[in-house]
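The values are calculated or read from the model by the stated rules, or taken from the named source; none is laboratory data. Values in this document were obtained by computation on a predicted structure and should not be read as measured data. Here the Cβ positions follow ideal geometry from the backbone for every residue, glycine too, while neighbour counts run over all protein chains shown. SASA here: full protein model, heavy atoms, side chains in, ligands and nucleic acids out. Shrake-Rupley method; radii C 1.70, N 1.55, O 1.52, S 1.80 Å.
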Amino acid sequence: MAHRNVAIVGGGPAGLMAAERLSQAGCQVDLYDAMPSVGRKFLLAGKGGLNLTHGEDKARFVSRYGERQAHVQPWLDMLDAQGVRDWAQALGIATFVGSSGRVFPTDMKAAPLLRAWLHRLRAGGVRLHMRHRWSGWDDAMHPRFETPDGARSIEADALVLALGGASWPRLGSTGAWVEPLRARGVAVAPLRPANCGFDVAATPRTAGAPGWSAHFAERFAGQPLKSVALRCDDGQGGQFLRKGEFVATATGIEGSLVYAASALLREQIAREGQATAWLDLLPDRTPEQVLGAVRHPRGARSLSSHLKSRLSLDGTKLALLYEMLTPEAMHDPAALATAIKALPLPLSAARPVEEAISTAGGVAFDAMDSTSMLKALPGVFCAGEMVDWEAPTGGYLLTACMASGAVAAQGVLGHFAAAGR
Ligand SMILES: Cc1cc2nc3c(=O)[nH]c(=O)nc-3n(C[C@H](O)[C@H](O)[C@H](O)COP(=O)(O)OP(=O)(O)OC[C@H]3O[C@@H](n4cnc5c(N)ncnc54)[C@H](O)[C@@H]3O)c2cc1C
């Protein structure tokens, strides 16, 4: 394949994995990225410990891709969780399975892994071209880039697009690829926030205006709510229910427990204009225990100190009750106990995709063949977060991005083989 030249656009985990597989197969690989360096989101993920993949069994793992699991399964057949761990090990980075099943590099860092990866890619002949922003194709259908030296078209035997989603655009993934692809007849589902925070709708304290009261926002934005449970409709007649923690923000809520429910909450808002997150502020106590404690005579003690001493309920949890309940409900033991176990938090909107961890929507699976080649543009392949799938946090994003990069590389090789026949 040495005479074959492949252009890859996007130096995130998907594009880098495609580069690795193609250079190993003997192709000349040129990788282009709009930013001054590659892997910026990968490095940011390292700030959270770099959750590379997950140790759970294969059936559970693939179920994390929800409606898209049938499409993602063949990707994971190419590179699964163990494959990702073996790949890291081969780069000299050992991994471990944390108590939650999440898999991290032993040093919890992304930089050493990225450094070793780039070293191996360069040694394998991959050429990196930074500050090259892909803007579509020229009249001769050559990929076209904006560079500091002006516009530039390139020639390649195949093109892999691995341009990421639209979250954290300052790291390079802006979603600006949507229009050039749509203009060439490629179906792209609207990009939407995934693993995102939400704005609260009006609370009893805000007289109909959306968001927290000024008092709550000023005092409690950034404060965690730990050991709570969140319940919401799963959109199929059932319920999502999970224990965990999240954070109050200036306008609503965010954090791991909210992210886990975020696809369901986002879709409920799309369907109904609003979603409700039901919070259990004391998931380790039964409703009877909570009611008994709330009803217990409190003598001269204030309600706040009563709740603190009998239920260890204080800080943000207590403030949330005062924010969400009327004064009458706060002083009605049955209503208060019910709210402690099932506080309805109305949510009006997902936070913008720019703030989200990842992106839903993207290039439709129907627009690609099984090798990830665009049906409308033979020789052009797509990989990573720019494709229309989503997954919760837990290592599922990086694994699928890398796996899809490997699949696109395989697709390119198959395309060359077919052309040579
Ligand atoms: C804060 C944060 C923490 C995260 N932590 C984790 C985690 O622990 N585990 C996990 O599994 N996932 C995590 N993720 C998600 C994960 O990082 C992404 O899903 C993954 O990086 C997507 O890979 P990708 O290769 O598809 O795209 P990206 O990593 O976004 O890379 C796309 C590349 O394309 C380039 N590009 C875009 N447009 C153009 C253009 N027009 N021309 C040229 N280049 C272009 C960009 O500059 C970028 O380098 C996290 C995300 C965030 C924001």
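Keeping every protein chain present and rolling a 1.4 Å probe, give me the accessible area per residue for the chain in Å².
On the way: 18110 Å² over 421 residues.
Accessible surface, normalised per residue, equals 43 Å².
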- Which angle from 0 to 90°, rounded to the nearest 10, does the C-alpha axis of helix 13-24 make with the longest principal axis of the chain? 30 degrees
- Message: What does the extension gain come out to for Lys308 and Phe96, with contour length at 0.36 nm per residue minus their alpha carbon separation?
- Response: 72.4 nm
- Full extension from Ala111 to Arg182: what is 0.36 nm times the residue separation minus their Cα-Cα distance, to one decimal in nm? 22.1 nm
- For region 194-267, what % of the accessible area comes from carbon and sulfur atoms, probe 1.4 Å? 49 percent
- Task: With the full set of protein chains in place, find how many percent of the accessible area of region 297-421 is carbon and sulfur; take the probe as 1.4 Å.
- Result: 57 percent
- Message: Given the DSSP H assignment, sum -39500 (n - 2.57) over each helix run of at least 4 residues in the chain and divide by its residue total; what's the result at 222 nm in deg cm²/dmol, nearest 500?
- Response: -11000 deg cm²/dmol
- Query: Where does the charge balance sit around Ala417 when Lys and Arg score +1, Asp and Glu -1, over other residues with C-beta under 14 Å from its C-beta?
  - Reply: +1
- Listed highest first by mean packing, meaning other Cβ atoms within 10 Å per residue, what order do 337-343, 83-89, 13-19 come in? 13-19, 337-343, 83-89
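Could you work out the local net charge near Glu179, counting Lys and Arg as +1, Asp and Glu as -1, over the other residues with Cβ closer than 15 Å to its Cβ?
So the surrounding residues net to +3.
Using a cut-off of 13 Å between beta-carbons, work out the net charge of the residues near Pro13 (Lys and Arg +1, Asp and Glu -1, Pro13 not included).
Net charge in that neighbourhood comes out at 0.
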- Quick one: angle between helix 69-78 and the longest Cα principal axis of the chain, in degrees between 0 and 90, rounded to 10, please. 50 degrees
- Item | Residues in region 294-323 that a label on Ala209 would reach, taking backbone N under 17 Å of a point 7 Å out along Cα→Cβ | 323
- Pop out the carbon and sulfur fraction of the accessible area of region 50-92 as a percent, whole number, probe 1.4 Å. 48 percent
- Any idea what log10 I(q)/I(0) is at q = 0.08, 0.13 Å⁻¹ for the chain, Debye with uniform C-alpha scatterers and no solvent? -0.50, -1.07
- What lysines could a cross-link reach from Lys243, if we take a straight Cα to Cα line under 22 Å and drop same-chain neighbours fewer than 8 places away? Lys226, Lys308, Lys317, Lys341
- Message: On a straight-distance basis, which lysines could pair with Lys47 in a cross-link, Cα separation under 17 angstrom, same-chain partners fewer than 8 positions away excluded?
- Response: Lys109
- Message: Once you order the gyration tensor axes a ≥ b ≥ c over the Cα atoms, which shape class does region 276-421 get: rounded for a/c under 1.5, otherwise prolate or oblate by comparing a/b with b/c?
- Response: prolate
- Query: If the chain between Glu288 and Glu245 were fully stretched, how many nm would it gain, using 0.36 nm times the residue separation less the Cα-Cα distance?
  - Reply: 13.1 nm
